[in-house]
Amino acid sequence: MTQALDLAGIGIGPFNLSLAAHLDAVDGVEARFFDRATRLEWHPGMMLPGVELQTSFLKDLVTATHPTSPWSFMSYLVSQKRFYEFLNADFSAIPRPEFARYLAWVGENLSSLRFASAVDQIDFDGTNFRLRIGREAVSARNLAIAVGLKPNIPAWARAAASDQCFHNAQAANRLDRLTGQRIAIIGGGQSGAEVLLHLISSDRFAGREIEWISMRPNFLPLDDSPFTDELFTPGYVENFHRLPQGRRETILEQQLLAGDGASTSTLKAIYRRLYTLRHLSEEATTVNMTPHREVLNVTREGSEYRLIMRNGFDGAIETRAVDAVVLATGYAFAIPDCMAPLMDRIALDERGHYRLNASFEVEWDGPDDRRIYALNAGRLSHGIAEPQLSLMAWRSAKIVNSLLGRAHFDLDLPDPPVAWSSRHTAQSLHHLGTSARMTESGAR
Ligand SMILES: Cc1cc2nc3c(=O)[nH]c(=O)nc-3n(C[C@H](O)[C@H](O)[C@H](O)COP(=O)(O)OP(=O)(O)OC[C@H]3O[C@@H](n4cnc5c(N)ncnc54)[C@H](O)[C@@H]3O)c2cc1C
Ligand SMILES: NC(=O)c1ccc[n+]([C@@H]2O[C@H](COP(=O)([O-])OP(=O)(O)OC[C@H]3O[C@@H](n4cnc5c(N)ncnc54)[C@H](OP(=O)(O)O)[C@@H]3O)[C@@H](O)[C@H]2O)c1
């Protein structure tokens, strides 16, 4: 085994890629990142025609915290010689393939990345972490776990899973092979919306019967108005992390549509296509829009799938027979198998998630200077921004500062424009020369 790395990263999706790009700017840190894939492909199973990024391209791997990095989206555009054309195209939301190519470009050029390297097992030898990667052994003082979320296949769908009943993560490979007349899409988030739009726009599915089922009371949009966007800022995350768990859980439930609604542009495109199909087209495609239905079970009967669902609008139980089912039922957190040897040393909360401190460090019983960072693992601890691209640069910079034990990246920001915590309100009033005592009595 060669000398221990300062940090080993497991997974090279956008989140560890951002961390690798930040560490590239720090002299004297030996870091290496590993991914089982042979190259960086960003959610290839959902790369359907016309899909867009839900986030500003300025929220790239580095710009928010290290704007002079060579790994910015702007550097990529310049390297591809399409800076002017990109600006002239004036996208309100950029095509997802463009962002995926940017990520792949960084993936090809950053020297700390190793692809075709599945991490099979990680243990701790008392001094360092030891990673088994095929026949290779790698030693590291610290870890960054960023293995993404797993497609969520609900328990009621597992027995029915087949090449005609699958999660949307496989949509790009499987949709065009769907046979039969009737197709149901279950799930009212952005993935379900994109699958529906593809099916009702493609000539291949003309004349079929397509149903979009959502548990939500309607086909609801992602809220990206300014004060909701404040939830995707470092100031909000820091306030959120300080709250007790019970409060964080309640707030997360209230905020679902800030992170997980469908883009208004996708909903508009669906509605316009429905209009055309209903009033202006000779095509006999039938589209059934059925919100407020909780699917309770799916069973396979011969070549048919039978759905049982509860209608939350009128309380009725409904059944449906279809020939194919796309499960757009979201993604879920899972601790990767390679962590098994460490699990008796790691503290978990009651949901079985890591306990994370403000710097994304997992609580474990190892030495203080041997840290495990977890990315995209802290929705409950850090809030709805955690699984999104929005704060990936900030989170990376925060992790680098924690690793180095100094503020290599300047993360100081003014107070947010919204007073989330009462502590913040008290501080602001104090700055204005009003005593905290007055605030307290005023609050009463
Ligand atoms: C279709 C889709 C579109 C999205 N679009 C947006 C968007 O527009 N805006 C936004 O803010 N968010 C978006 N998201 C949410 C989020 O930004 C992405 O899911 C993002 O890819 C998460 O990055 P990640 O690095 O955590 O995980 P992933 O991208 O899933 O990467 C994890 C990597 O870990 C590797 N891995 C896992 N286990 C091992 C192991 N044992 N050894 C080695 N490698 C391993 C995997 O091969 C994979 O490459 C989208 C999500 C989806 C599903
Ligand atoms: N273009 C893009 O940028 C893009 C594309 C795809 C995904 N994403 C992002 O990736 C994340 C995941 O999106 P997603 O759409 O895959 O997942 P999601 O937002 O979690 O949506 C899953 C949907 O499945 C529904 N569902 C679960 N169980 C059900 C049941 N038994 N019956 C009926 N419906 C059921 C959920 O309903 P409830 O909400 O009521 O539980 C929800 O509507 C989001 O943050 C999204 O914004 C982005």
Quiz item: Which distance in Å, rounded to a whole number, links the C-alpha centroids of segment 256-278 and segment 185-209?
Solution: 11 Å
Quiz item: Which net charge results for the neighbourhood of Arg182, defined as the other residues with beta-carbon distances under 13 angstrom from its beta-carbon, given Lys and Arg at +1 and Asp and Glu at -1?
Solution: -1
Practice problem: Could you work out the relative contact order of segment 1-97, using alpha carbon pairs under 8 angstrom and six or more residues apart, expressed as a whole percent? | Solution: 28 percent
Self-check item: Cα-based convex hull, segment 255-364, per residue volume (Å³, whole number)
Solution: 219 Å³
Quiz item: What lysines sit close enough to Lys268 to cross-link, taking a C-alpha to C-alpha distance under 24 Å and skipping anything fewer than 8 places away on the same chain?
Solution: none
Exercise. Along each of the three principal axes of the Cα atoms of the chain, give the extent in whole Å, ordering the values from largest to smallest.
Key: 66, 65, 52
Exercise. List the relative contact order of the chain as a percent without decimals, with contacts defined as Cα pairs under 8 Å and 6+ residues apart.
Key: 21 percent
Self-check item: aspartates and glutamates with Cα under 18 Å of Lys150, excluding same-chain neighbours fewer than 8 positions away
Solution: Asp35, Glu41, Asp120, Asp260, Asp337, Glu386
Exercise. Under a 10 Å cutoff between Cα atoms, tell me which one of Tyr331, Tyr373, Tyr102 has the largest fluctuation in the Gaussian network model of the chain.
Key: Tyr331
Self-check item: Point-charge dipole on Cβ atoms (K/R +1, D/E -1) for the chain, about Cα centre, debye to 20
Solution: 360 debye
Quiz item: Which lysines, on any chain, are close to Lys81 with Cα under 26 Å apart, when same-chain ones fewer than 8 places away are left out?
Solution: Lys59
Exercise. Work out how far the C-alpha atoms of segment 1-51 reach from end to end along every principal axis, then list the three figures in whole Å, largest first.
Key: 45, 25, 12
Exercise. Mind telling me which of Gly11, Gly45, Gly148 comes out most flexible in a GNM of the chain, alpha-carbon contacts under 10 Å?
Key: Gly45
Exercise. Whole number in Å², please: accessible area per residue of the chain, 1.4 Å probe, ligands, DNA and RNA not counted.
Key: 50 Å²
Quiz prompt | the chain, accessible surface, carbon-and-sulfur percent (1.4 angstrom probe) | solution = 49 percent
Exercise. Can you find, among Gln255, Gly192, Ser117, the residue farthest towards the positive end of the dipole of the chain? Put +1 on the C-beta of Lys and Arg, -1 on that of Asp and Glu.
Key: Gly192
Quiz item: Can you work out ³J(HN,Hα) from phi for every residue in segment 108-125, in order, using Karplus 6.51 cos²θ - 1.76 cosθ + 1.60 and θ = phi - 60°, giving whole Hz and x for Gly and Pro?
Solution: 7, 10, 7, 6, 7, 9, 10, 9, 6, 9, 6, 7, 8, 7, 10, 9, 10, 8
Quiz item: If you build a Gaussian network model of the chain, linking Cα atoms that sit under 10 Å apart, which residue out of Gln80, Gln388, Gln54 swings the most?
Solution: Gln80
Exercise. Taking the chain as the reference, fit the longest principal axis to its C-alpha atoms, fit the long axis of helix 14-23 to the helix C-alpha atoms, and give the angle between the two in degrees, 0 to 90, nearest 10.
Key: 20 degrees
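The values are calculated or read from the model by the stated rules, or taken from the named source; none is laboratory data. Bear in mind the structure is a predicted one, so any value in this text is a computation, not a measurement. So basically every Cβ, Gly included, is an ideal-geometry build from the backbone, and we count neighbours across all protein chains shown. These area figures cover heavy atoms from the full protein model, side chains too; ligands, DNA and RNA do not enter into them. Shrake-Rupley method; radii C 1.70, N 1.55, O 1.52, S 1.80 Å.
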